Amino acid sequence: ASGAIFVYATTEPSEALLLGGNTLCMWEGEVLQHGRTPGVYRHPDTLRVAQVFSDPPLNTVGVEKSNGSVTYAGGGEAPATGLYANLPDGAYRVGFRAHQLEIAGGVAGRHVFPATVSVTEITGSESFVHLHRESADWVAVLHGVHEYEPGDRLEAALDPDNVFVFDTANRLVASPRSS
């Protein structure tokens with residue numbers, strides 16, 4: 001070993017994860033967070049760090065917790081299970097990466113949202129399904145080839161144990177055990 005220190009600059013989260021080591025996450029010249037790369041990826045301090053460290057872009061939705069249930073912006077109510085269970089009542093922003101968004105298949109415990117397919121990009125090993133829900137556009141990455149057509153209606157699903165929860169100041173208050 002030469003003892004040399006290498007600095008590699010990238011805008012690609014996958015490259016940072018591949019290289020491992022330490023990551024310094026920046027936005028518009030400001031250091032947002034630094035630390036071991038997997039730690040920054042799994043536990044972003046803020047919504048902005050999660051957005052910078054997500055490709056495809058981070059999916060988000062507002063949520064209000066009250067009296068043991070959560071109500072999602074744009075419609076949808078579900079029991080406050082998973083990471084929501086221990087949160088105080090109030091307003092939050094939920095973020096989830098494209099691989100955390102599922103296409104519902106009757107899995108128990110998921111929070112389900114009607115959505116419309118905008119476009120599907122098939123890479124061979126993965127399919128990027130772009131969805132429109134109310135005023136939000138989300139992306140789901142599914143393994144394999146999935147041939148959804150524009151206009152197809154389907155149900156997107158979230159595991160309430162597998163989301164990032166941010167407070168009204170956009171600070172992380174809960175993150176998945178594995179993301």
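The values are calculated or read from the model by the stated rules, or taken from the named source; none is laboratory data. Quick caveat: nothing in here was measured; it's all calculated off a predicted structure. Cβ placement follows ideal geometry from the backbone for every residue including glycine, while neighbour counts extend to all protein chains displayed. All accessible areas refer to the heavy atoms of the entire protein, side chains included, with ligands and DNA or RNA removed. Shrake-Rupley method; radii C 1.70, N 1.55, O 1.52, S 1.80 Å.
Structural remarks
- The slack between residue 71 and residue 89, meaning 0.36 nm per residue of separation minus the straight C-alpha distance, is 5.4 nm.
- Considering only 18, 158, 58, the Gaussian network model of the chain with Cα springs below 10 Å gives its largest mean-square fluctuation to 18.
- Simple point charges give the picture: +1 on the Cβ of Lys and Arg, -1 on the Cβ of Asp and Glu, and for segment 100-179 a dipole about the Cα centre of about 280 debye.
- Value in Å of the Kirkwood radius, where segment 67-179 supplies the Cα pairs that are averaged: 14.8 Å
- Probing with 1.4 Å while keeping every protein chain in the model, the per residue accessible area of the chain equals 55 Å².
- Largest to smallest accessible area among 42, 110 [probe 1.4 Å]: 42, 110
- Backbone geometry of segment 156-170 corresponds, through the Karplus equation with coefficients 6.51, -1.76 and 1.60 at θ = phi - 60°, to 3J(HN,Hα) couplings of 8, 9, 10, 8, x, 8, 10, 9, 9, 10, 10, 7, 5, 8, 6 Hz, x marking Gly and Pro.
- Each residue, residue 155 and residue 18, gets one label point 7 Å from its Cα in the Cβ direction; the gap between the two is 3.8 nm.
- These residues, 167, 161, 137, go from largest to smallest accessible area, 1.4 Å probe, as 137, 161, 167.
- When the solvent-accessible area of the chain is split by element, carbon and sulfur atoms take up 51 percent of it, the probe being 1.4 Å.
- Centre separation in Å (Cα based) which lies between segment 1-72 and segment 101-170: 21 Å
- A Förster radius of 22 Å combined with the Cβ-Cβ distance from residue 141 to residue 27 puts the calculated FRET efficiency at roughly 0.40.
- Of 36, 93, the order by accessible heavy-atom surface (1.4 Å probe, DNA, RNA and ligands excluded), from most exposed downward, is 36, 93.
- For segment 62-124, the relative contact order is 29 percent, taking Cα pairs closer than 8 Å that sit 6 or more residues apart in sequence and dividing their mean separation by the residue count.
- When the P(r) is computed for segment 1-52, the part past 19 Å accounts for 22% of the Cα-Cα pairs.
- Per the Debye calculation on segment 1-160 with a single equal scatterer at every Cα and no solvent contribution, log₁₀ I(q)/I(0) for q = 0.09, 0.16 Å⁻¹ amounts to -0.36, -1.01.
- Residues in segment 61-78 carry Karplus couplings, in order, of 7, x, 9, 10, 9, 7, 6, x, 9, 10, 10, 8, 4, x, x, x, 10, 8 Hz; the curve used is 6.51 cos²θ - 1.76 cosθ + 1.60 with θ = phi - 60°, and Gly or Pro positions show x.
- Calculated diffusion of segment 35-127, Stokes-Einstein form, Kirkwood radius summed over Cα pairs, 25 °C and 0.890 mPa s, µm²/s: 161 µm²/s
- Residue with peak Gaussian network fluctuation, the chain [Cα springs, cutoff 10 Å], from 61, 145, 117: 145
- Placing unit charges on the Cβ atoms only, positive for Lys and Arg and negative for Asp and Glu, gives the chain a dipole magnitude near 540 debye about its Cα centre.
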